[in-house]
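The values are calculated or read from the model by the stated rules, or taken from the named source; none is laboratory data. What you are looking at is a predicted structure, and each value in this text was computed from that prediction instead of being measured. Don't worry about glycine lacking a Cβ; one is built from the backbone with ideal geometry, like all the others, and counts go over all protein chains shown. Just the protein is used for accessible areas: all its heavy atoms, side chains included, with ligands, DNA and RNA removed. Shrake-Rupley method; radii C 1.70, N 1.55, O 1.52, S 1.80 Å.
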Amino acid sequence: MSVRYLLFWLVTCIVFGLDRSTKVWAESHLSLGESVVGIPGWFEWSLYHNPGAAGGLFSGYVGVLILISLAAVVGILLYVYKGAHDRNLCLLTGLGLLLGGALGNLYDRIVYHHVIDFINPIDATYIYNIADKGIRWGLYLSLIGLWLARRRVAKHNQNMVS
């Protein structure tokens, strides 16, 4: 296994591990609907069981959400190992963040039939968890990595023609 794939799996495991451990902490230290000060002026801890996706969208369709999550996991793994990319660190780190987040929320959906959210930013209308941030930042980093990979391939092809 190359160092690049090792980085991918390390990032995946860190995100999944942080997500699971913080959700276990939230479940054992918070009550549903209770708000506790996290960092004053920034966020509170508020336990919420999200039966859907992104703020409750598609509530009641746990099976569909599990299938979508499984498809995302399989798609990420196929792309990492079979995709046409140059295996750059930015892309593999982003994909590791995405996979760790997808696995974290998939675990919740399979085991609890809801996702555990507990980080509540002050003056925001949403509550999230570590997996959600892994998915968000993984998407951003993956897009940057894909853009860089495309530039490298285009430059390589230009040099081959010249």
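Give the residues of segment 106-118 that are within 15 Å of the chain's Cα centre (by Cα) and either open to solvent by 10 Å² or more (accessible area, probe 1.4 Å) or over 13 Å from LYS23 (Cα atoms) (or both), sorted by residue number. Walk me through it before giving the result.
Initial filter on segment 106-118 (within 15 Å of the chain's Cα centre (by Cα)): 106-109, 115-117.
Within segment 106-118, LEU106, TYR107, ARG109 meet the criteria.
Restricting segment 66-104 to residues that are hydroxyl-bearing (Ser, Thr, Tyr) and under 19 Å from LEU146 (Cα atoms), which is modelled with the highest pLDDT? Per the criteria, the residue is THR93.
I'd like to check something: does segment 19-41 contain any residue that is in contact with a Gly (Cβ under 6 Å, 6 or more places away or on another chain), within 16 Å of LEU97 (Cβ to Cβ) and part of a helix (DSSP H, G or I)? Spell out the reasoning first.
Just the residues of segment 19-41 that are in contact with a Gly (Cβ under 6 Å, 6 or more places away or on another chain), to begin with: 19.
Checking the rest, the ones that are also within 16 Å of LEU97 (Cβ to Cβ) come to 19.
Subset that is part of a helix (DSSP H, G or I): 19.
Taking every residue of segment 19-41 in turn, at least one turns out to be in contact with a Gly (Cβ under 6 Å, 6 or more places away or on another chain), within 16 Å of LEU97 (Cβ to Cβ) and part of a helix (DSSP H, G or I).
Please tell me if LEU6 is under 19 Å from the mean Cα position of the chain (by Cα), surrounded by 12 or more Cβ atoms within 10 Å (Cβ to Cβ) and either modelled with pLDDT of 95 or more or not aromatic (Phe, Trp, Tyr) (or both). No.
Is it the case that LEU92 is open to solvent by less than 50 Å² (accessible area, probe 1.4 Å), over 24 Å from ILE122 (Cβ atoms) and either outside any helix (DSSP H, G or I) or touching a strand residue (DSSP E or B) at 6+ places or on another chain (Cβ under 7 Å) (or both)? Against the criterion (open to solvent by less than 50 Å² (accessible area, probe 1.4 Å), over 24 Å from ILE122 (Cβ atoms) and either outside any helix (DSSP H, G or I) or touching a strand residue (DSSP E or B) at 6+ places or on another chain (Cβ under 7 Å) (or both)), LEU92 does not qualify. Check whether at least one residue in segment 46-55 is part of a helix (DSSP H, G or I), in contact (Cβ under 8 Å) with a residue 24 or more places away in the chain and of a type in the set (Ser, Thr, Tyr), and report yes or no. No, that holds for no residue.
Please enumerate the residues belonging to segment 118-139 that are under 19 Å from ASP108 (Cα atoms) and either among the basic types (Lys, Arg) or not in a loop (DSSP other than H, G, I, E, B) (or both). I'd like the intermediate steps shown before the answer.
Taking segment 118-139 as the starting set, the residues that turn out to be under 19 Å from ASP108 (Cα atoms) are 118-120, 126-136.
Within segment 118-139, PHE118, ILE119, ASN120, TYR128, ILE130, ALA131, ASP132, LYS133, GLY134, ILE135, ARG136 meet the criteria.
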